[in-house]
Amino acid sequence: MCDTRERYRRQWYQSYDSVSVEVFVKGTKGMPEGKVRTRFEERSLCLEVEDGHEDGPYRLVLALMGEIKPEETKVELLSTKVEMKLVKKEGGVQWSDLEEGQGTAGVARVMADGSSSAEAAAGGKKKK
């Protein structure tokens, strides 16, 4: 089965403790049980939606930038999207991108003064 990630628009955002991934598939809220399947591992997620498309089910497989707690992941099926809230394994860490290999440096710990671990390693806050 091929990865059909481009069929639907998606977006992601994060807080210090979690990452939210939204895939804009209309009508998932009313789909029969089993038509939307998810699988989460520490460094990956898989979403499959049997959407009736002629090319087969929609499938999204992502290698994540950081680690998550799969057992704490929440999935919500809404009328306009599938929303997945992933709990980061290590809180206080900002991911540079959702997917491994897509961003720059990976993850950075945010310090109490607002600086990041990457800045601390470079000798202090970045110049403005």
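Numbers at a glance
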{"quantity": "Single residue of the range 53-86 satisfying the filter (among the small types (Gly, Ala, Ser) and closer than 25 Å to Tyr16 by Cβ) that is least open to solvent (accessible area, probe 1.4 Å)", "calculated": "Gly66"}
{"quantity": "Residue match in the range 25-39 (condition: under 15 Å from Glu6 (Cβ atoms) and within 16 Å of the chain's Cα centre (by Cα))", "calculated": "yes"}
{"quantity": "Flag for Ala108 being at pLDDT 95 or above, in contact with a Ser or Thr (Cβ under 6 Å, 6 or more places away or on another chain), open to solvent by less than 60 Å² (accessible area, probe 1.4 Å) and in a strand (DSSP E or B)", "calculated": "no"}
{"quantity": "Set Glu22, Glu41, Glu50: member being modelled with pLDDT of 90 or more, open to solvent by less than 50 Å² (accessible area, probe 1.4 Å) and not hydroxyl-bearing (Ser, Thr, Tyr)", "calculated": "Glu22"}
{"quantity": "Selected residue (only one of Val25, Val75 is under 26 Å from Glu100 (Cα atoms) and part of a strand (DSSP E or B))", "calculated": "Val75"}
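Conditions tested, residue by residue: (1) without any contact (Cβ under 8 Å) to a residue 12 or more places away in the chain; (2) at negative phi; (3) touching a helix residue (DSSP H, G or I) at 6+ places or on another chain (Cβ under 7 Å).
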{"position": "Lys35", "(1), (2), (3)": "no, yes, no"}
{"position": "Arg43", "(1), (2), (3)": "no, yes, no"}
{"position": "Val49", "(1), (2), (3)": "no, yes, yes"}
{"position": "Tyr58", "(1), (2), (3)": "no, yes, no"}
{"position": "Glu71", "(1), (2), (3)": "yes, yes, no"}
{"position": "Leu86", "(1), (2), (3)": "no, yes, no"}
{"position": "Gly91", "(1), (2), (3)": "no, yes, no"}
{"position": "Glu99", "(1), (2), (3)": "no, yes, no"}
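This table checks each residue for (1) in contact with a strand residue (DSSP E or B) (Cβ under 8 Å, 6 or more places away or on another chain); (2) assigned to a strand (DSSP E or B); (3) at pLDDT below 95.
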| position | (1), (2), (3) |
| --- | --- |
| Leu45 | yes, yes, no |
| Gly56 | no, no, yes |
| Gly66 | yes, no, no |
| Lys85 | yes, yes, no |
| Gly91 | no, no, yes |
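The values are calculated or read from the model by the stated rules, or taken from the named source; none is laboratory data. It should be emphasised that the depicted structure is a prediction, and the values quoted were computed from it without experimental measurement. All Cβ positions, even for glycine, are placed from backbone atoms using ideal geometry, and neighbour counts span all protein chains on display. Keep in mind that these areas ignore ligands, DNA and RNA; they rest on the heavy atoms of the full protein, side chains included. Shrake-Rupley method; radii C 1.70, N 1.55, O 1.52, S 1.80 Å.
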